[in-house]
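**Q** One structure follows; several queries about it will come next.
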Amino acid sequence: MSDIPPGRTKPKPDKRGTRNSLSCAQCRHKHIRCDGRKPFCSRCAINAVQCTYPVSRRRGNPKSAKPTLSPVRDIHENSTSLSVQTSTVGSSSSVAPNGEIESYSTSASSFLSLYYEFFHAAHPCALPFQFFKTRLNEAKIQPLLRVMCYIGSIFDISCPSQLLESCAQRAQDSVVGIRSSIQPLTPFDVQALLLYSIAVYWCNEPESGVELLEETIRTAVALGMNKTEFAENYAEGDSVLEESWRRTWWVIYITDAHIAGSTHTYPFRTNGIEISTDLPCEEEQYEKGAIPSPRSVEDYENREFLGEDETDFSSYAELIGLTYGIDRALSPGNNADDRIYTTMAASADTSVRAWCSLLSPKKRQLIRPDGSFDEVMFKAFFIMHTYTVEIHRPLSALTHSAVESVSRCAPLAPSEKLKCNNAKERDLHTVKCTQAINSIDELLTLPTDMKNHSPFIICMIANVTIAHLSACRFIFSGHRRAKSREKIRLTMGTLKRLSEHWTLGKRTYREIGIIARELLSLAKDPPVSLVAIDLPLPDPTSPDFAALDMLPDADFDFCAFFDADAPSLTETGSFNLQ
């Protein structure tokens, strides 16, 4: 049986017996045979030492040019290629087959570039690239580096499955090492746990992701990262590192809010933890290393009383402030008592409206004057509108259907006790839901690359789309219903785009397709008015779609199905939403 690695052809026998003139410097120094592999020969890879080759003095035709990369990736790869290759091999705790070492090492710099290009902006806790690259050879940063490379590999659509599995295994081994370590953990370890929990969650292991996030929270609190003094004490005199530690706690907090929203479990896991960590600065300041004096949570909580020159807070501080308000409003938890729930919804409305009214004008514009996009404020507005739908739908006319249980992102069926019997109040909650749905659609039309957004946007879109389908089933008619088809097509297209990289996104896209087919195929009766919504309406029956392979494939175009109205569908309805 041949022992030639896959993808390599068997070399022809060399009858002349000439020596390999491409020996690395290490093998030449020891006067031992070198196989000349690049970027690491087999001996250097096995011994986990740096492998360097002398510059060739031969002349010949120049090699073909490197494929053109995006400006961001080009800068990252040019400056990390050697450093990442050295650190990933030199720090490896286990020796992989030679071909795998070579493949991983040559791809690591590309994976790190992809991490910063597509993932960092939505979860900005790691050091900015220009500062992170100076630490690539530090032992304490290796677990984090492997996790970042693994996440980057997810965005490489041409990455072979074997290499992707290798990256995943290295990241998993690093996280296992952190969790079982008897040595004191570092803030870099917390960052590794946090980022890995997000990746695992969206790679279709949500239970493991939640468990990892809970451990991340416990570890961060044990280190004291939720306290003001922590960042300065562990900053090593470096203001950028100090800012990174502040951001690490707040990204933990926002991730906790995301998972609470995705799993519909309240209050947040971080609720009740005393937090005094100062607020992050603007993203541009962080990336450049121009860190100003931090603003405190107390400053933000009293912002309505500050002078005009003191009311400008960073985008991430505004995101934190919005999440704080929602957390407080939802602190009673999932409650079936209609009075408590109604009070909770009113508190959430008050908090959100107050947050909006105190935003500075420039924070209301997601496209900056220079044409750049404010990713953090995009997330803030997306969270605001998604939670509006989440909170008000149980009190509205957007009736819950049994088929919604197919989706992991859908909330549980609301208690019958929450059913609003007052028609005017029900209409008000319905309008709040439909306005939030429209606002989400407007956000999705902005000129931005969807791959740059957090994968948690997948569940937000799914939840809002389910509510939108309910509106089409029970409320909308005529022109309004026709317009909704295009809007749902937009949200589904966005889900499909995001599902290119995240396994759970693929499942979510298929689940929403099932819900749409089930709801719309049963829409044989005319939409009813809100006043008549009290009449008993049978929920569509739902088969068991628990297994992933039972779902329609990713190429299924449910939007074409959506265009086919039921023959008996009429355009009536007294509720004026046309």
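The values are calculated or read from the model by the stated rules, or taken from the named source; none is laboratory data. Source: prediction; values computed, not measured. We place every Cβ from the backbone using ideal geometry, glycine too, and count neighbours over all the protein chains shown. Heads up: the accessible areas ignore ligands, DNA and RNA and are worked out on the full protein's heavy atoms, side chains in. Shrake-Rupley method; radii C 1.70, N 1.55, O 1.52, S 1.80 Å.
**Q** If you stretched the chain out fully between Lys424 and Gln365, how much longer would it get, using 0.36 nm times the residue separation minus the C-alpha to C-alpha distance? The partial results should precede the final answer.
**A** On the way: separation 59, 0.36 × 59 = 21.24 nm, distance 3.35 nm.
17.9 nm is the gain from fully extending Lys424 to Gln365.
**Q** Kindly write out, for the stretch 313-324 in residue order, the coupling ³J(HN,Hα) from the Karplus curve 6.51 cos²θ - 1.76 cosθ + 1.60 (θ = phi - 60°), rounded to whole Hz, with x marking Gly and Pro.
**A** The phi angles translate into 10, 5, 4, 5, 5, 5, 4, 5, x, 4, 5, 4 Hz.
**Q** Quick check: from the Cα gyration tensor, does the stretch 368-436 come out rounded (a/c under 1.5), prolate or oblate?
**A** Working: a/c = 3.79, a/b = 1.83, b/c = 2.08.
Note, shape of the stretch 368-436 comes out oblate.
**Q** Report, to the nearest whole %, how much of the accessible area of the stretch 139-249 belongs to carbon and sulfur atoms, 1.4 Å probe, protein only. Don't jump to the answer; show the numbers that get you there.
**A** Numbers: 2100 of 4260 Å².
That share works out to 49 percent.
**Q** Here is a follow-up. Give the long-range amide H neighbours of Arg295: residues separated by 5 or more places, or on another chain, with amide H under 5 Å away, using H modelled in the peptide plane at 1.01 Å from N.
**A** Amide H to amide H, under 5 Å and 5 or more residues apart or across chains, Arg295 pairs with Leu279.
**Q** A further question follows. Do the alpha carbons of any pairs in Lys379/Lys424; Lys140/Lys288; Lys140/Lys363 sit beyond 27 Å of each other, and which pairs?
**A** On the way: Lys379/Lys424 32 Å; Lys140/Lys288 24 Å; Lys140/Lys363 37 Å.
Listed pairs above 27 Å: Lys379/Lys424; Lys140/Lys363.
**Q** If you wrap a convex hull around the C-alpha atoms of the stretch 126-268 and split its volume per residue, what is the figure in Å³?
**A** Numbers: hull volume 17.0 nm³, N = 143.
In the stretch 126-268, the Cα convex hull volume per residue is 119 Å³.
**Q** With the cut-off at 1.5 for a/c, could you classify the stretch 199-327 from its C-alpha gyration tensor as rounded, prolate or oblate? Don't skip to the answer; put the middle values down first.
**A** Details: a/c = 1.87, a/b = 1.41, b/c = 1.33.
Because a/c hits 1.5 or more and a/b exceeds b/c, the stretch 199-327 counts as prolate.
**Q** Gain in length, Gln162 to Asp309, computed as 0.36 nm per residue apart minus the alpha-carbon separation, to one decimal in nm?
**A** Details: separation 147, 0.36 × 147 = 52.92 nm, distance 5.50 nm.
Here the segment from Gln162 to Asp309 would lengthen by 47.4 nm.
**Q** Once you put a point 7 Å from the Cα of Thr342 and another 7 Å from the Cα of Asp35, both along the Cβ direction, what distance in nm separates them?
**A** Output for this residue pair reads 7.5 nm.
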